[in-house]
Amino acid sequence: MNRGESLKKTLPHNNNIINNYNGLVEMVLVNFIKDDESLKLHDWILQQKNSDFMNYRVCKEMFFWNMPKARNTSHMSAKGSYLINLDCDNFISANTIDKLLELNKKKKLNKYIFCGYRGRIKKKFRPWKRKNFRTTFKFLRGEHFHDGSYGNIGLPKDLFISLGGYNEALPPMGGDDDDLFKRAVCIKKKIIHIPSDIAPVTNSKEEGLVNTINPKIDWLEWAQSSEEITKASLLNNMLKCNMNMPIGLETSDGKF
C-alpha cells in the first residue's frame, strides 16, 4: 500500500538480479489490493519482463496497513529455507546474495541471522544486567538509521516459524523488525552484517502511515510502544509470539 512509485523503481532492477541465479533465489512480492491504485499496480506488475523467479501473490484481506502482518504474509508465501525481508523501497544487492549463497554452499548459512543495515552495529552490548536478557548488539544511530535498510533482515525459515514470525501484537508500524531480530538473536547468536551497497528509495515515515488505522499518529509513539513490548518479551524470555493464531494472511497466485 502506498509504495507503487517506489516499486516501479526497484522491481525491474530486482527482477534482473534474481534472474542471474536461475532459481537459487526467489523473490516474493505481495500486492495488498484494496483500491484502484493497487489494481493499476497489479496490471503494471503483470506487464513486467524477466519475472520468471518472482513469486507474485495477491491479498485482499488487509484494509489498513499493518507492517508485521504484511511481512508475515510475504514470508509465509516463500518457498525457500532462508527468508530475507525486502521492502518495496529496497534494491537487491548481488554482493549480498553472493556472500549468503557462499555460506549456504558451506552449510553455514543456517547458523546466522542476516542484517543488511547500512549503518554500524555495536557488538558485545548489554543494555540491562539481567542474565536472561541475551541481546548482545545495538544498531548505532547515524545517517542510515531511518534510510529503509533497517528492516533488511534475514533468518532461517524454521526459526521464523518457531518464533511466530513478526509480532502482530505490535503497533501497525515501528519496531517490528527490531523485535524479530532481537528475538531471533536470542536463539542464533551469530550475526552476519552485510551492509547493502545500494541505497533504498527515500520515503518519509509520514508517507508510510497514510494507509494505517491512525495515519495522523506520531510514528515515534508507535515505535516506543513496540520497544516496550520487545523489552518485556526479552526480559521474560517470551520469544514466541502470535500464539494459537495463523501467521499472516491468505494470498492467491497473482499471475492467474
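The values are calculated or read from the model by the stated rules, or taken from the named source; none is laboratory data. Keep in mind it's a predicted model, so treat the numbers as computed, not measured. All Cβ positions, glycine included, derive from the backbone under ideal geometry; neighbour counts span all protein chains shown.
Numbers at a glance
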{"item": "Condition check for residue 185: under 20 Å from the mean Cα position of the chain (by Cα) and at pLDDT 90 or above", "result": "no"}
{"item": "Positions within the stretch 54-67 being touching a Pro at 6+ places or on another chain (Cβ under 8 Å), crowded, with 19+ Cβ neighbours inside 10 Å and among the hydrophobic types (A, V, I, L, M, F, W, C), in sequence order", "result": "65, 67"}
{"item": "Odd one out for residue 200 among (1) surrounded by 21 or more Cβ atoms within 10 Å (Cβ to Cβ); (2) modelled with pLDDT of 95 or more", "result": "(2)"}
{"item": "Considering residues of the stretch 203-225 that are of a type in the set (A, V, I, L, M) and in a helix (DSSP H, G or I) only, the residue surrounded by the fewest Cβ atoms within 10 Å (Cβ to Cβ)", "result": "220"}
{"item": "Residue that is nearest to residue 60 (Cα to Cα) [pool: residues in the stretch 226-256 that are in a loop (DSSP other than H, G, I, E, B) and hydrophobic (A, V, I, L, M, F, W, C)]", "result": "249"}
{"item": "Odd one out for residue 83 among (1) out of contact with any Phe, Trp or Tyr (no Cβ under 7 Å at 6 or more places or on another chain); (2) hydrophobic (A, V, I, L, M, F, W, C); (3) assigned to a strand (DSSP E or B)", "result": "(1)"}
{"item": "Residues (assigned to a loop (DSSP other than H, G, I, E, B) and of a type outside the set (Gly, Ala, Ser)) located in the stretch 178-197", "result": "188, 189, 194, 195, 197"}
{"item": "Among the residues listed as 46, 41, the single one being more than 19 Å from the chain's Cα centre (by Cα) and in contact (Cβ under 8 Å) with a residue 40 or more places away in the chain", "result": "46"}
{"item": "Whichever residue in the stretch 17-53 is closer than 19 Å to residue 207 by Cα and among the charged types (D, E, K, R) and, among such residues, is surrounded by the fewest Cβ atoms within 10 Å (Cβ to Cβ)", "result": "36"}
{"item": "Filtered residue count, the stretch 36-75, keeping only those that are closer than 23 Å to residue 171 by Cα, of a type in the set (D, E, K, R) and outside any helix (DSSP H, G or I)", "result": "2"}
{"item": "Matching option when the condition is of a type in the set (Phe, Trp, Tyr), within 16 Å of residue 194 (Cβ to Cβ) and assigned to a loop (DSSP other than H, G, I, E, B), among 91, 114", "result": "91"}
{"item": "Residue 14 being over 22 Å from residue 59 (Cα atoms) and surrounded by 15 or more Cβ atoms within 10 Å (Cβ to Cβ)", "result": "no"}
